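This report concerns only the one structure given below.
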Amino acid sequence: MFQFPFYRSQIAQKAVPDVLSLFKPWIRFRKNFPRDPRQRIFTFKEIFWLFLFQVLSPYTSCKGILKKAMISFILTHHKNISMNTAAYCKARKRFPFKELRKIFFSLVKQMNAFPQKHLLWLGRSVTIVDGTTATMPDTPLNQKRFPQTSRQKPGCGFPIVRLVVLFSLSVGSILNYSLARYTVSEKTLFRRLFKNLSQGNVVLGDRFFCSFCDVWALMQRQIDVVMRIGKNQQCRFRIVKRLGKKDHLIHWLKPSRRPLWINRKVWAIIPDKLLLRRISYSLTIPGLRTQQISLVTSLIDHKKYPKKAFMELYYRRWKAELFLRDIKTTMGMDILSCQSPDMVEKEILFHLLAYNLIRLIMFQSGKRYHVPLDRISFKGALQTITYASLMFYSPSLKKGQRKEIRDLVFFMISQDRIYERPGRREPRAIKRRPKRFQLLTQPRSIFREDPHRGK
């Protein structure tokens, strides 16, 4: 059997699937991007594309991505590379995190520059805030940075990280993020992102993010809010003027107690009341009980911003849950795989970057073939890009044929659509029963299996 000779030289970009050239126009490396002084098999730019392709292939191990790179390299150079993953894993660890953040925010800046007037809400740009969590391997380093919840016994749980993300309502892209250990509140992480919000934006959030001091801080930055009110906050309102049915101008009274995150000097500056607008309505969904929704907003002009527009806007807030599902479930970020906290942060950022690139391709496909962005399947776009990479492995392809394949990728993404299904309800329930294994209630080193667990 013929064996390819082992080749210790730079893999070059031929080892990276050419389908990623779809992303190259929007990935900008600095002119003085750091270079490794040593001649290595994996350079920084090559590691970037390989790591990105690994994220785009959910639940693919380092050995799996190395096999894909080796297949491409063999087909193009007829030479082999080592299957040892040590060099690839060490190269990922060396990749500069600051440069990765610069690439991420450079992409965000480019996406914000796209013409989106037809996607705006009443001419305003809306930012959705939401939070989630992700788990990672149970290693001492991960446990130290992102410890497991206190409800789990030592050695029986997994380190967990809390993440708060800002989404663009129009495109669905990620504008910014903040992460910390599980014990840090989502509100605290959201406050870290205040300085990154642009003036004139509208922040849309659920009732967890709605508080007097946070609304005041956002209004000080000339940022409007639309948030749902919690039940314990209803009593601190005073009606000023009636604007319509269940639509009032109100004074939100200042809390009697100072929050711990605000110092005394700032607390003295905060006014005793805020002039806001409260909108209440009933939400009726077939098969579910009627819910009473109360919103508070700083947009008090009832003629320019009618009540019905707020009802439709808050209904669209559910998109944030779907965006997070795309990142965690479809892209596999729910369970991270890196063994150290620094690599965990890189892995999360690569997931967010890959998500933005997929949304960018969806935006371009919908624009090219006149398909609404909301009707394009994210999972279908991800599958199309990963499967199309197999077409690019053939070295006999010519430049014109590669362009045809790229155009075909855009067309296939635009045709993989999600249709409107109003009133559809899919409960979170599973049909298949899990295996009757014991629960790990002790550290694995001292755990002993009960032979009669099935009885």
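The values are calculated or read from the model by the stated rules, or taken from the named source; none is laboratory data. Keep in mind it's a predicted model, so treat the numbers as computed, not measured. Cβ sites come from the backbone with ideal geometry, for glycine too, and all protein chains shown count toward neighbours.
Given the criteria under 22 Å from the mean Cα position of the chain (by Cα) and either at pLDDT 85 or above or buried (at least 17 other Cβ atoms within 10 Å of the Cβ) (or both), does Ala134 qualify?
On the way: under 22 Å from the mean Cα position of the chain (by Cα): yes; either at pLDDT 85 or above or buried (at least 17 other Cβ atoms within 10 Å of the Cβ) (or both): yes.
Yes: the conditions hold for Ala134.
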What about Gly400, is it within 30 Å of Ala354 (Cβ to Cβ) and either among the basic types (Lys, Arg) or at pLDDT below 75 (or both)?
yes
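Going by the structure shown, is Phe310 crowded, with 18+ Cβ neighbours inside 10 Å and closer than 22 Å to Phe105 by Cα? Even if it seems obvious, please write down each step before you answer.
Details: crowded, with 18+ Cβ neighbours inside 10 Å: yes; closer than 22 Å to Phe105 by Cα: no.
When the stated conditions are applied, Phe310 does not pass them.
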Here is a list of conditions, (1) outside the structural domain of Gln199 (by TED's automatic domain parsing); (2) outside any loop (DSSP other than H, G, I, E, B); (3) loosely packed, with under 15 Cβ neighbours inside 10 Å; (4) touching a residue at least 40 places away in the same chain (Cβ under 8 Å), and Gly64 meets all of them except one; can you say which number that is?
(4)
Scanning the stretch 334-386 for residues that are among the aliphatic types (A, V, I, L, M), over 22 Å from Gln110 (Cβ atoms) and touching an Asp or Glu at 6+ places or on another chain (Cβ under 8 Å) gives Leu336
Is there any pair linking a residue in the stretch 399-415 that is free of Cβ contacts under 8 Å to residues at least 60 places away in the same chain to one that is in a helix (DSSP H, G or I) and among the polar types (S, T, N, Q), with Cβ under 7 Å and at least six apart or on different chains, and which?
Phe410/Gln364; Phe410/Ser365; Met412/Thr384; Ile413/Ser365; Ile413/Thr384; Ser414/Ser365
Among all residue pairs at least 6 apart or on different chains, which show Cβ distances below 8 Å where the first residue, located in the stretch 341-359, is polar (S, T, N, Q) and the second is assigned to a helix (DSSP H, G or I)?
Asn356/Phe104; Asn356/Leu107; Asn356/Val108; Asn356/Met111
Output the qualifying pairs, or none if there are none: Cβ atoms under 6 angstrom, residues six or more apart or on different chains, first residue in the stretch 270-284 and in the same structural domain as Arg238 (by TED's automatic domain parsing), second residue modelled with pLDDT under 90 and not in a strand (DSSP E or B).
Ser282/Thr290; Thr284/Thr290
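Can you tell me which of Ser337, Ser377 is under 19 Å from Gly64 (Cα atoms) and either surrounded by fewer than 20 Cβ atoms within 10 Å (Cβ to Cβ) or not small (Gly, Ala, Ser) (or both)?
Ser337
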Within the stretch 257-264, is there a residue that is crowded, with 16+ Cβ neighbours inside 10 Å and either in contact (Cβ under 8 Å) with a residue 24 or more places away in the chain or farther than 27 Å from Leu166 by Cα (or both)?
no
